[in-house]
Amino acid sequence: MAFEYESKTPADVLVYTQDPVFHKQEVILDLTADVTCGDVINPTTGAAYVAADADNCAVALQNQIAGDDRSLVISDRGCVFNPAGLVVATAAKDAAYAALVKQGNRIADANTAI
C-alpha cells in the first residue's frame, strides 16, 4: 500500500550516531509552526534555522505540532547526518552545516568513512 505522504524518521536523517544515548536531547519549546523530523532549527526558539542564528543550530529528530510547551527531541553531538534528510533553507545551508560540525557532528557525503 502506498501513501501520498510518509513522514521521515530518524533513520532517514541519521547515518550514524557515536552514542545511542547522548546523540540527542529533549527540549520544551513554544512552537509557532509544525516541526518535522529532519528540520534544521534554532533549538532555543524552535523556528527554522537562519544564518543569523550562527552556532545555535540543531536537527529535529521527531515530528511535533505547533503549540505551547511542546516536547521535542533534537540532535546533540556525535551524529553523522544524511544531507538528503535535512530540511534547511538554501541561503542558510552552509552556515547550518558549519554550526552542526562545530558542535561535534558531521555531514555525510559520498566519501564519508565511518
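The values are calculated or read from the model by the stated rules, or taken from the named source; none is laboratory data. Computed from a prediction, not measured in an experiment: that's the story for all the values here. Glycine also receives a Cβ, built like all others from the backbone with ideal geometry; neighbour counts cover every protein chain displayed. When the accessible area is computed, the model is the full protein with side chains, heavy atoms only, and any ligands, DNA or RNA have been set aside. Shrake-Rupley method; radii C 1.70, N 1.55, O 1.52, S 1.80 Å.
I need the shape label for the range 1-69. Rule: rounded when a/c is under 1.5, else prolate if a/b > b/c, else oblate, with a, b, c from the alpha carbon gyration tensor.
Here the range 1-69 falls in the oblate category.
Can you compute the modelled spin-label distance between A98 and A33, with each label point 7 Å from Cα toward Cβ, in nm?
So the two model labels end up 2.3 nm from each other.
Before I look further, what does the chain give for accessible area per residue, probe 1.4 Å, in whole square angstrom?
Accessible surface, normalised per residue, equals 59 Å².
Taking the Cβ-Cβ separation of Q25 and V50 as r and a Förster radius of 30 Å, what is the calculated FRET efficiency to the nearest 0.05?
After rounding to 0.05, the efficiency reads 0.90.
Go ahead and estimate [θ] at 222 nm for the chain from helices alone: -39,500 (n - 2.57) per DSSP H run with n ≥ 4, summed, over the residue count, rounded to 500.
Calculated mean residue ellipticity at 222 nm is -3000 deg cm²/dmol.
Assuming R0 = 35 Å, can you tell me the calculated FRET efficiency for the pair Q18 and A89, based on Cβ-Cβ distance, to the nearest 0.05?
Taking R0 as 35 Å, the efficiency between Q18 and A89 is 0.80.
State the percentage of accessible surface on the range 20-95 attributable to carbon and sulfur atoms; use a 1.4 Å probe and exclude ligands, DNA and RNA.
53
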